[in-house]
Amino acid sequence: MQEKNNIQLPENAFTELKEGEQYEPVMSPMKQYAEVNGWSVTWGILMAVLFSAAAAYLGLKVGQVFEAAIPIAIIAVGVSTAAHRKQGLGENVIIQSIGACSGSVVAGAIFTLPAIYILQAKYPEMTASFINIFLSSLLGGILGILFMIPFRKYFVSDMHGKYPFPEATATTQVLVSGEKGGSQAKPLLIAGIVGGLYDFFVATFGWWNENVTTRMVGWGADLADRAKLVLKVNTGAAVLGLGYIIGLKYAFIICLGSLAVWWIIVPGMALLFPHDILNTWDPSITTAVGDMTPEQIFKLYAKSIGIGGIAMAGIIGIVKSWGIIKSAVSLATKEMKGGSSESKNQLRTQRDIAFKIIAIGSVVTILVTFLFFWFGVMDNLLFAVVGILLVTVIAFLFTTVAANAIAIVGSNPVSGMTLMTLILASVVMVAVGLKGSGGMLAALIMGGVVCTALSVAGSFITDLKIGYWLGTTPRKQEQWKFLGVLVSAATVGGVMLLLNKTYDFASGELAAPQANAMAAVIEPLMSGVGAPWLLYAIGAVIALVLTFIKVPALPFALGMFIPLELNIPLLVGGAVNWYVTSRSKDEKVNKERGEKGTLLASGFIAGGALMGVVSALLRFVGFNPINETWLANPLSEFCSLIAYILLIVYLVRATKK
């Protein structure tokens with residue numbers, strides 16, 4: 001019988017394993033536990049529907065897609081405790097795994113597909129039915145799962161302790177603490193309340209500014225206007241917690257990428273092209289570089305360098321992990337021929353869906369996607385063949401990149417990779433003769449499939465890592481993930497059609513920033529105007545140089561792409577981690593403080609995620625008491641800095657109690 005007070009993560013849960021050392025999960029591989037049953041599946045479906053609808057509404061209205069894994073884990077623990085479920089840990093992982101499809105499927109859909117409706121105002125012949133949206137989300141999600149499973153062992157087991165997996169760590173701590181109760185749940189709960197209320201007061205009432213910038217002082221404002229130099233820090237509790245879990249090493253590399261863009265490339269461009277209007281690939285740009293703000297230079301130019309860096313880092317990652325890709329494919333081939341009996345003797349915690357089923361499932365899904373492209377989108381055999389080849393190759397190869405990004409920073413650069421997919425798809429489709437509104441529709445549907453595949457694959461590796469730490473059966477997580485994708489795809493399709501009929505995407509009432517960006521990129525490409533190839537090439541060269549000097553290119557490129565204010569707090573959190581784990585001469589004390597800090601940081605992330613959803617919902621229904629005049633006052637940033645310092649002091653002191 002699984003005693004609740006004995007439930008805790010092993011000491012080597014977050015550290016690299018020594019030679020010969022084995023990781024023993026919370027639930028013993030030698031025993032059977034309740035995982036898939038009516039309770040877990042019902043609650044999983046309910047979570048998928050609710051969070052898909054919420055994420056679609058909020059993502060399109062406010063422009064942000066929240067990660068659903070942590071809030072769903074909290075709800076799963078809550079309903080399990082309320083119902084006095086015994087041995088509910090395995091059930092809660094399945095609830096979280098099915099429900100977490102919501103955020104990833106929604107991100108895949110709303111980053112691309114609303115662009116069809118946005119462009120429809122200009123090109124009335126462009127149409128997208130519920131079936132189009134549903135199938136592109138469903139087929140993309142299924143491909144993401146099937147392509148990720150062969151890499152499960154590498155990411156969750158072989159690389160154990162080498163990747164921080166911030167979101168998986170926070171979710172696992174929530175599940176373990178909720179199951180254990182008592183002493184371990186208390187610091188997580190308190191940190192969740194502190195972090196949640198802190199972020200709630202900022203997001204809902206605007207008591208202080210969300211960001212601190214050097215513009216709050218006179219010389220900082222002058223520096224930003226004249227030299228285009230600015231430093232910005234998001235002072236949220238959730239981002240601070242994320243930085244703590246990521247740790248100093250990766251946070252430092254991410255920040256180097258960010259600072260290279262914001263402190264070298266952005267001011268450098270203003271210095272080199274002060275009076276030039278650089279708009280070869282975007283005729284809507286009418287301002288000289290020297291007259292732009294640093295933020296505008298980043299958005300219109302420097303971010304594209306980040307996209308090029310991510311793409312090249314992804315290609316480098318594919319080359320480096322070619323051995324893993326090859327071994328996964330060869331294992332599948334071997335099993336297809338009936339040459340592997342290894343799975344029969346495997347432990348429960350090592351069993352995946354049979355490679356034979358994965359191979360057949362992948363072929364069938366690719367075939368169905370091809371038929372969908374041919375008869376539902378392009379109505380031309382050549383275009384459909386080219387389309388399915390592009391989608392399959394990009395989705396499969398970039399699966400490892402998405403998983404890598406999630407494992408390092410907990411954030412999937414799926415919009416950057418999708419943008420590259422759209423550009424590549426547009427260039428290739430124009431080359432084979434598909435252009436204009438038909439080409440735009442085809443490229444966006446293809447982008448929707450790829451975007452959902454990469455988003456689901458990245459999210460899925462988080463679920464599998466949680467299962468690895470806790471000791472659930474991977475096969476069960478994998479099988480029931482398909483149901484989560486199906487439910488989420490149907491929900492997001494319905495919500496998107498409803499929102500378009502209610503608000504009309506082309507009206508601008510809904511933010512949909514990612515979809516607007518995709519529409520802005522794809523229209524000139526399909527109309528014969530180019531893309532910022534030079535900027536992509538600069539990013540690619542940077543990634544190659546970094547790899548040559550043995551600096552991890554992906555976290556650096558992520559730093560170039562993700563806004564500065566979200567990267568600096570990662571460094572602050574990483575520095576706090578280093579500080580609390582190095583103050584004592586006793587290594588055991590340092591380790592205990594580090595683990596306590598991980599628990600507190602997980603509380604910050606969980607509390608911030610939940611209250612962020614509540615705050616966004618309140619804003620959606622019209623409750624918005626924020627005084628914009630106060631937030632424009634530099635004093636609001638000084639208040640933010642004081643609150644942030646107090647939050648850091650609390651985190652440091654709480655690790656020592």
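Could you work out the local net charge near residue 584, counting Lys and Arg as +1, Asp and Glu as -1, over the other residues with Cβ closer than 13 Å to its Cβ? Within the 13 Å Cβ shell, the charges total +4. Ellipticity at 222 nm from helices only: DSSP H runs of n ≥ 4 in the chain, each -39500 (n - 2.57), divided by the residue count, give -22000 deg cm²/dmol. Here the scattering of region 80-119 is modelled by Debye summation over its C-alpha atoms, one equal scatterer each and no solvent; at q = 0.20, 0.24, 0.25, 0.33 Å⁻¹ the log10 of I(q)/I(0) is -0.67, -0.78, -0.81, -0.99. The alpha-carbon of residue 656 sits under 19 angstrom from the alpha-carbons of these aspartates and glutamates, leaving out residues fewer than 8 places away in its chain: 11, 586, 587, 592, 595.
Of the cross-linked pairs 86/588; 162/481; 550/585; 18/326; 299/550, those separated by over 30 Å at the C-alpha level are 86/588; 550/585.
Both radii are taken from the alpha-carbon atoms of the chain; with Rh as the Kirkwood radius, Rg/Rh is 0.95. Ellipsoid fit via the Cα gyration tensor, region 180-308: semi-axes of 37, 17, 14 Å, each the root of five times an eigenvalue, largest first.
Only aspartates and glutamates eight or more places from residue 303 in sequence, or on another chain, were considered; those with a Cα closer than 13 Å are 295. Each residue of region 462-468 was assigned a 3J(HN,Hα) from its phi angle through the Karplus expression (A = 6.51, B = -1.76, C = 1.60, θ = phi - 60°), giving 4, 4, 5, 5, 4, x, 5 Hz with x at Gly and Pro. Of the Cα atoms belonging to region 599-652, the radius of gyration and Dmax stand at 14.1, 37 Å. Only protein heavy atoms count here; on that basis, with a 1.4 Å probe, residue 599 has an accessible area of about 10 Å². When every Cα-Cα distance of region 561-612 is counted in 5 angstrom steps from zero, the calculated P(r) takes the values 4, 19, 19, 22, 17, 10, 6, 2 percent. Run the reach check for residue 435 against lysines, Cα to Cα strictly under 18 Å, same-chain hits fewer than 8 apart removed. What comes back? Partners found: 122.
Placing unit charges on the Cβ atoms only, positive for Lys and Arg and negative for Asp and Glu, gives region 416-551 a dipole magnitude near 440 debye about its Cα centre. Each peptide among 15-22, 103-110, 187-194 gets the average number of other Cβ atoms lying within 10 Å of its residues, and from highest to lowest they stand as 103-110, 187-194, 15-22. Going by accessible surface with a 1.4 Å probe and the largest first, 174, 551 read 551, 174.
Quick one: dipole size for region 554-612, taken about the Cα centre, charges +1 on Lys/Arg Cβ and -1 on Asp/Glu Cβ, in debye to the nearest 20.
On the way: 6 positive and 5 negative charges, 42 e Å.
It comes to approximately 200 debye.
Taking the charge dipole of the chain about its Cα centre, with +1 at Lys and Arg Cβ atoms and -1 at Asp and Glu Cβ atoms, the residue from 460, 208, 269 reaching farthest to the positive side is 460.
For residue 571, the accessible area of its heavy atoms, probed at 1.4 Å with every protein chain present, is near 50 square angstrom.
Sparse packing (at most 16 other Cβ atoms within 10 Å of the Cβ) combined with a DSSP loop state is found for the following trypsin sites (Lys or Arg not before Pro) in region 102-175: 122, 162.
I'd like to check one number: the per residue accessible area of the chain, probe 1.4 Å, reported in Å² as a whole number.
40 Å²
Can you give me the Kirkwood hydrodynamic radius for region 542-638, using every pair of distinct Cα atoms, in Å to one decimal? Numbers along the way, then the final one.
Values: mean 1/r = 0.0573 Å⁻¹.
Averaging 1/r across every pair of different Cα atoms and inverting gives 17.5 Å.
The values are calculated or read from the model by the stated rules, or taken from the named source; none is laboratory data. All of these numbers come straight from a predicted model, not from anything done at the bench. A quick note on method: Cβ atoms are made from the backbone with ideal geometry, for glycine too, and the neighbour counts reach across all protein chains shown. Just the protein is used for accessible areas: all its heavy atoms, side chains included, with ligands, DNA and RNA removed. Shrake-Rupley method; radii C 1.70, N 1.55, O 1.52, S 1.80 Å.
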